[in-house]
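For reference, the structure discussed in these notes is given below.
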Amino acid sequence: MQNTVTKEELNHAREQAESARYARCIKASKKVRWDIDADVIRGRDFDFEQAFLPEGLSKVDELPFLAQTERRRLSHVQGRTYAYIFGLVERFIGAKVLELSGQHWLGDQVALEALVRFSDEELKHQELFRRIENMLGAGMPQGYSKVADPNEVARAVLGKSTWSVLALTCHIELFTQLHYQQSIEPQQALSPLWKDVFMFHWMEEAQHAILDELEWKRENARLTMRQKEQAVDDLIELVGAVDGILQSQAAADADYFIATADRRYTGDEQADLRALLLRAYRWQYIVSGVQHPHFGRLLTSMTTEAQMQRIQSALAPIVNG
Ligand SMILES: [Fe+2]
Ligand SMILES: [Fe+2]
């Protein structure tokens, strides 16, 4: 008798394997689950004698005219923006995940549970970032400003195709892990509370990146080539919109840093500060994710060569900027 595998059997095996991945995310999510006060903050406050954002992300060591105390202050400004930007993107990520969970309501209940936990965690993360942002604000001079409103950004992002939102989300949740593992964890002289915030965040984000990938691949399988073309255009637009926010926030943070400094900076120094902040923010929120090997593999596997080239040429001014 010939041993043939039917299409149904193959599909069933694929669904089983997917369900097992969702199940592993639930298990890991339960294992690492933390509480904002009991585990992360633990009654502590930020020590402004220590740096917040590490140099691998802040790039503050690239400006030789900054004294140690000035570098530290620039890491405080960037560390505050880091919490703000995460809170901002998590507004659309949480909403998208809740929307996607609808595809599983009457289907795989394991996948549904994984996505419900995912969105619940993003709500908690947003609360954590609001909390620490207030604490950071209390210890810093007046005048800091946030350039974009999370709901307005989310409204614009959620108007784009699901494929593009999942691509952007997967990229964010992969670079979150990279930042912690490569830059935050290895740097010794950082505020312990600031470091803990992003350690606990990273622990839950590891599951999110796997879920993004599962959902992104599912969505990818549903699209026609024409829809994919549109999705690639959407992704390019989304990255452009992120870059627009980064340009404005970098300018606002440079103004704030210069206005609240203990000394006057020359015109050249001010220009260097502005360029550094934009370079650092592009590195943090776009380039480090785009260059993430796993993200590259996923994107390449879901696009044609021509689509990949289109994405790369759109990104070139940001990556090489
Ligand atoms: Fe998060
Ligand atoms: Fe996340």
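Miscellaneous remarks
- Scoring Thr224 on the criteria (1) among the β-branched types (Val, Ile, Thr); (2) touching a residue at least 60 places away in the same chain (Cβ under 8 Å); (3) farther than 25 Å from Gly94 by Cβ leaves a single failure, condition (2).
- Residues satisfying the stated conditions in region 226-274, i.e. among the basic types (Lys, Arg) and part of a helix (DSSP H, G or I): Arg226, Lys228, Arg274
- Residue in region 160-169 that is within 30 Å of Asp61 (Cβ to Cβ) and at pLDDT 95 or above present: yes
- For region 74-89, the criterion of a residue being under 21 Å from Ile210 (Cβ atoms), within 14 Å of ligand 1 (Cβ to nearest atom) and within 18 Å of the chain's Cα centre (by Cα) is satisfied by at least one position.
- Phe257 being within 16 Å of ligand 2 (Cβ to nearest atom) and modelled with pLDDT of 95 or more: no
- Yes/no for Arg91 being in contact with a Ser or Thr (Cβ under 7 Å, 6 or more places away or on another chain) and basic (Lys, Arg): no
- The set of residues in region 230-249 being open to solvent by 60 Å² or more (accessible area, probe 1.4 Å) and under 29 Å from Leu112 (Cα atoms) consists of Gln230 alone.
- The lone exception for Thr300 - which of (1) among the β-branched types (Val, Ile, Thr); (2) in contact (Cβ under 8 Å) with a residue 24 or more places away in the chain; (3) assigned to a helix (DSSP H, G or I) it fails: (2)
- Of all residues making up region 189-198, the number that are surrounded by fewer than 23 Cβ atoms within 10 Å (Cβ to Cβ) and either part of a helix (DSSP H, G or I) or within 16 Å of ligand 1 (Cβ to nearest atom) (or both): 4
- Criterion (farther than 15 Å from Ser119 by Cα, crowded, with 18+ Cβ neighbours inside 10 Å and within 13 Å of ligand 1 (Cβ to nearest atom)) met by exactly one of His179, His201, His171, His208: His179
- Inspection of region 137-149 identifies at least one residue that is at positive phi, at pLDDT 95 or above and open to solvent by 10 Å² or more (accessible area, probe 1.4 Å).
- Close pairs (9 angstrom Cβ cut-off, 6 or more residues apart or separate chains): open to solvent by 70 Å² or more (accessible area, probe 1.4 Å) in region 36-49, of a type in the set (Ser, Thr, Tyr) anywhere: Glu49/Ser191
The values are calculated or read from the model by the stated rules, or taken from the named source; none is laboratory data. Note that the structure is predicted; figures quoted are calculated from it, not measured. So basically every Cβ, Gly included, is an ideal-geometry build from the backbone, and we count neighbours across all protein chains shown. Surface accessibility is based on the protein's heavy atoms, side chains included, excluding ligands, DNA and RNA. Shrake-Rupley method; radii C 1.70, N 1.55, O 1.52, S 1.80 Å.
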